[in-house]
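Here the structure is laid out as structure tokens; the discussion comes afterwards.
The values are calculated or read from the model by the stated rules, or taken from the named source; none is laboratory data. In this text the structure is predicted, and so the values were computed from the model without any measurement. Ideal geometry is used to build each Cβ from the backbone, glycine not excepted, and the neighbour counts take in all protein chains shown.
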Amino acid sequence: MKQKSTEITPDSARSLCTDYIPPGCHDEMCDPAGEVRPHWLYLMEALEQMGPVELRKRRDETWRQMRENDVTYNFYGERGGTTRPWKLDLIPHLLESDTWAGLESGLMQRAELLNLLLQDLYGPRKLVSQGVLPPELLHSHPGYLIPCINPGMAISSQLVFYAADLVRDRNGETCVLSDRTQAPSGSGYALENRIVISRVLPSLFRDSHTHRLASYFRTVRHTLDSHAPSSDEKEATIVLLSPGPANESYFEHAYLANYLGYTLVEGSDLVVREERVWLKTLEGLRPVHVILRRMDDSYCDPVELREDSYLGVPGLMNAVRAGNVAVANPLGSGILESPALLRYLPELARLLLGQELMLPSVETWWCGDPLERQHVLANLENLVIKPVHQSMGFRSRFGDELSTADREELKARIQANPLHYIAQERLPMSSLPVFDGDSLKPRHAVLRAFLVAEEHGYMVMPGGLTRVGSSNDQLIVTSQAGGISKDTWVLATEPEKQVSLLGERQHAVYVPERHGAVPGRVADNMFWTGRYAERAEFVSRLLRLALQFLETGEGAGTQAFDRLLVSVTKQTMTWPGFLNLPTGDPEAARNELYRVICDRSSSGSLMQTLSSFLRTARSVRDRLSSDTWRIINDIDDESNALYNIKPGNIIDALDEFDNLITALTAFSGLTLENITRGRSWRFLDMGRRIERALQISRLLESMLSTSHGIDDESLLRDSVLTIVDSLMTYRRRYREDAEIPLMLDLVICDENNPRSLAYQMTRIEEHVAGLPDKRDTGSRSEIERLALETATLVRLADINRLSTTTKQTGSRELLHEFLGVLAGRLPALSNAITAAYFQAAEMPHQLVRLRSGEDS
Amino acid sequence: MRYRVTHSTTYDYSSNVSLCHNVARLLVRNTRQQRCLSSALHIEPQPSSVNEWTDLFGNRQVNFSIEKPHNRLVVRATSEVELETGAALDMLFPVSWESAAEMMKTEKDTDTLEARLYLLRTDFTEAGPAVVEYAQSSFPAGRSLIEGVEDLMHRINRDFTYDPGFSTIATPLQDVIAHRRGVCQDFAHLAIACLRSMGLAARYVSGYIETLPPEGKEKLVGVDASHAWFSIYVPQRGWMDFDPTNARIPLDQHITTAWGRDYADVAPLKGVVYGGGKHRLGVAVNVERL
């Protein structure tokens, strides 16, 4: 390739591009002669100037940001699904404005065409009755939902979102590989890619005059607002309906909900009453006007659609039919994704639009048509065979990669079920440069373009999600197959005025409660996020101390140390643990500590607490700020580091504990400072306070309820103070006086010590007073009563009496009794809150399990 | 011939249901031989919403919801229908079953196009090798379509034992064919699976038969609840019903409620309930001549 700039040294130029040899297809960057295309020149010059070392730095920065923002994509199938960081390549995909303008009109036409097709397929069905579309093409596809067909009614449910996967053939002509109309994903990832790349390559981005993405999302908001059925409410309530954290693109659901300012909900957060959809919030039911659907439509309503679905909202179809709620995309839109439709599109464009189809599809044959089936069977080795729907349990296959036996098997399969298969020509997809750490390498690329309906027609996101294969010969490029994504720059001829939703987003990110709408499920998860975080922190301090004793030998062999170990078991409830172990055996102690820390299968282990914490935190990710996410990822890292410690080396955990405790403390600080004091925060902090009070009282019970067998209690005292993180305060105040009463005063009664029981109770009472009223159930008063009783008990505690030991046994009976009451009331308080706010009435279930009928 | 049909369904729950959303296909539709004079649902407790609409198959679907706590649900459908006995179909359609199957592919009239939906397999009509084999002996080469279907109906009636204790709706067709037992639903599904495996369009019909026939006429099987039979699409003629449970062509004793690809499309009453615990189901059907 030729260099335009004179400033760069030939060496660095060669090092970036020497290996760049496109694999015999159209290349986006280089023309057939190997010259860099004009619209890539500026970028390439800049990259060459940076050189591989600098590029590596920026690439690592890209990864770091993705990791810190916890941009993830869930993979199915591996160990029951795992979360992986989203992969983003440093080099953007560049599209010049002329090329883009052509694409844009083609995409808009296609969206309009699919919209008209949708209206007919679920309305008059003229295309079927006039013989244009074979009925079995539709009815053999699981996306054609018969209950959504309403021949008698003029349907006005518009196709709102449309995405197309685009590839370029050998000649550089763009064609559509597949249409996405169900619940197209990727626009949020595209946005996040843009945010990261524009930060990592700021001046390049600025000077390249790239079209901004914000206008697309503004149109999304405007369009969804306009879909709200007319009502008395001034502002429409719009929710984003997600299948939940297990979904592959859950990150994006939470991300978009925040960015757009919608409440992220799961099916169980919604209920249908009076033919309307309601959001179950802490305050009661709130009407929902528009549902942005990220769940496949067949799962949306177990009454009329898939009866085995527990993800959906029973009665939703009826509410839609009554015109009281709009769903985008409309239920039933999945049929438009059938690749069997592709070959009919040119004819449909002429019929429905009176136009020629501008953007061709990859040539496709549907095996349901006898003639086409013959062609497919005769030319298998030149084709890619795909199912018409992913539910058919069949992965795309390249005919030429099959053995003769496999090919015969595939033929038999097609002949047995021809309606379910299509074949596409093998397209030599175009290639794009990817930075592999040293130089640029060509990779096959697919561009997903996004469209949203607007008042007259459709608008195309100026950009999109480019994905490339992870290796040179990878021809199926999907995120599930481990592909890498790229930012996509549509280059403007003129610099563009900057518009962004980020101003609005600043509010939206931390205040998704702008309608005060907190689903009970969210409050539940916030509460437990608080409880698990606190439990992990408290237990970590305890375990760190135990390990320190073991390592230094300090206190080893003392009764105080034995008691500390027993309290490890009691605090974590990892029975029988140290209760059954002989004392004074450091080896056995190390093994047991290893189990308590690292054993994932052991109930109560630190590892389990941490993974519960991560799970609940991830399920409320839309409620937590991105800074908080950074900390949560640190906690995840530390948790993995602990987990990887070998059984014999548990002492190594000491280093990790320092980091872990720092991260957990940072989490607690951030949640205190960085979350708006909305309802959901209240539940998080309440969970934390209840857990802390419970942990403190358990610790006091196991360490101090008896002085029997302890000659010197100073070690016990210091241990307790270390674990509750109050040692410094104590020393500052009391110097070296080894007084149990003074210590109990600090840990139980001192309202100024944020680690005292009294302090927790004050916070709990404040939270309880701020809870939404649930007087109709009577539960509120139960919560209030428990909080008041417990707080009073703590406030009235008489430290001198509690410290008294009985002469004969050495036990502190009053302290034991006092802690016993706390150990009963705090869980009762937690349960009362659960009963009043979290429990979603009853689970809905089918009246008739299909096939248990009453018929003769 | 005029009939009055009452069909009552009662669910008794062991604990309260706080909310339910239901779909009923209990209202009687019009057909070529049948005129619905009146058809109404009585639901207890009072539903908060009731909506009737027509589904793809032309059936009358009623969605209703009950939003107050209840431990008993009663749905009673009362209908009066008139059957036109004179409208017997042309039984002498001479076309072979092969030509009929071919016509399903080639004819482009609206009726045939609409009927092609009923060529497709469904969960309830999955045709294993045993089904295909069973079907084939009724359709030797060149036999007329109607003769073949009639033969199939008679064979099912002869080969299979009507046994309400044997099958539930969950019993797959393979079991039915292996044990040669079942109820009207199974026989209808079996016939449909057989016909579809031969490339013919067949649909599932749900309805009732007369409870107590006039003196001198035999009492039919399947009177205590809703009944089921099948219908075959005869190209250029239309749909023709067959009742394999009673080995007869329905004429003036079969009242049609709804039809579809299989039972799942026409389940008389289904729904989703919140709460309710266990339930006890009671069904009573009465069909009387007026």
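Restricting attention to segment A:302-320, the residues being without any contact (Cβ under 8 Å) to a residue 60 or more places away in the chain and over 26 Å from A:R221 (Cβ atoms) number 6. Filtering B:G277, B:G282 for residues that are assigned to a loop (DSSP other than H, G, I, E, B), within 12 Å of another protein chain (Cβ to nearest Cβ) and at pLDDT below 95 leaves a single hit, B:G277. Of all residue pairs spaced 6 or more apart or on separate chains, none has beta-carbon atoms under 6 Å together with a first member in segment A:738-756 that is over 13 Å from A:V720 (Cβ atoms) and a second member that is of a type in the set (D, E, K, R) and loosely packed, with under 14 Cβ neighbours inside 10 Å. B:V17 - would you say it is in contact with a strand residue (DSSP E or B) (Cβ under 9 Å, 6 or more places away or on another chain), within 11 Å of chain A (Cβ to nearest Cβ), more than 23 Å from B:Y263 (Cα to Cα) and not polar (S, T, N, Q)? Yes: the conditions hold for B:V17.
When residues in segment A:137-166 are screened for being at the interface with chain B (Cβ under 9 Å from one of its Cβ atoms), buried (at least 17 other Cβ atoms within 10 Å of the Cβ) and not polar (S, T, N, Q), 5 of them pass.
Taking the criterion of being modelled with pLDDT of 90 or more, crowded, with 19+ Cβ neighbours inside 10 Å and either of a type in the set (D, E) or closer than 23 Å to A:R64 by Cα (or both), the residues of segment A:626-656 that qualify are A:I631, A:I632, A:I635, A:D636, A:E638, A:S639, A:L642, A:E656.
Residues checked against (1) free of Cβ contacts under 8 Å to residues at least 60 places away in the same chain; (2) part of a strand (DSSP E or B):
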position	(1), (2)
B:A40	yes, yes
B:F57	no, no
B:Q61	yes, yes
B:K68	yes, no
B:L73	no, yes
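Of the residues making up segment B:133-154, those that are in a helix (DSSP H, G or I) and charged (D, E, K, R) are B:E133, B:E147, B:E150, B:D151. Please go through (1) within 14 Å of another protein chain (Cβ to nearest Cβ); (2) under 25 Å from B:L173 (Cβ atoms) for B:E98 and return the number of the only condition it doesn't satisfy. Unmet condition: (1).
In segment A:321-359, the qualifying residues are those that are without any contact (Cβ under 8 Å) to a residue 60 or more places away in the chain and farther than 30 Å from A:Y299 by Cα, and the one that is surrounded by the fewest Cβ atoms within 10 Å (Cβ to Cβ) is A:G354. The residues in segment B:165-184 that are part of a loop (DSSP other than H, G, I, E, B), in contact (Cβ under 8 Å) with a residue 12 or more places away in the chain and within 14 Å of B:T125 (Cα to Cα) can be counted, and the count is 3.
For (1) closer than 19 Å to A:R621 by Cα; (2) hydroxyl-bearing (S, T, Y); (3) touching an Asp or Glu at 6+ places or on another chain (Cβ under 9 Å), each residue gets a yes or a no:
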| position | (1), (2), (3) |
| --- | --- |
| A:S268 | yes, yes, no |
| A:R273 | no, no, yes |
| A:R276 | no, no, no |
| A:L285 | no, no, no |
| A:V288 | no, no, no |
| A:L292 | yes, no, no |
| A:D297 | no, no, no |
| A:V303 | no, no, no |
| A:D308 | no, no, no |
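Here is the figure for segment A:101-135: residues that are at the interface with chain B (Cβ under 10 Å from one of its Cβ atoms), surrounded by 18 or more Cβ atoms within 10 Å (Cβ to Cβ) and touching a Leu at 6+ places or on another chain (Cβ under 7 Å) total 3. Comparison of B:L27, B:L83, B:L37 shows that the only residue that is among the hydrophobic types (A, V, I, L, M, F, W, C) and either within 11 Å of chain A (Cβ to nearest Cβ) or under 29 Å from A:L145 (Cβ atoms) (or both) is B:L27. Residue pairs whose Cβ atoms lie under 9 Å apart, separated by 6 or more positions or on different chains, with the first residue in segment A:408-426 and aromatic (F, W, Y) and the second in a strand (DSSP E or B) and buried (at least 16 other Cβ atoms within 10 Å of the Cβ), are A:Y421/A:W366; A:Y421/A:I385; A:Y421/A:K386; A:Y421/A:P387. Taking segment B:185-253 as the region of interest, the strands (runs of 3 or more DSSP E) fully inside it that hold 1 or more residues being over 21 Å from B:F57 (Cα atoms) and within 13 Å of chain A (Cβ to nearest Cβ) are B:202-209. Taking every residue in segment A:785-799 that is surrounded by 14 or more Cβ atoms within 10 Å (Cβ to Cβ) and pairing it with any residue that is of a type in the set (S, T, N, Q) and assigned to a loop (DSSP other than H, G, I, E, B), at least 6 positions away or on another chain, the pairs with Cβ-Cβ distances below 9 Å are A:V794/A:S756. Of all residues in segment A:285-301, those satisfying the criterion of being under 23 Å from A:P772 (Cα atoms) and in contact (Cβ under 8 Å) with a residue 24 or more places away in the chain are A:R286, A:P287, A:V288. Among the residues in segment A:194-209, are any outside the structural domain of A:S625 (by TED's automatic domain parsing), closer than 21 Å to A:L159 by Cα and buried (at least 21 other Cβ atoms within 10 Å of the Cβ)? No, segment A:194-209 contains no residue that is outside the structural domain of A:S625 (by TED's automatic domain parsing), closer than 21 Å to A:L159 by Cα and buried (at least 21 other Cβ atoms within 10 Å of the Cβ).
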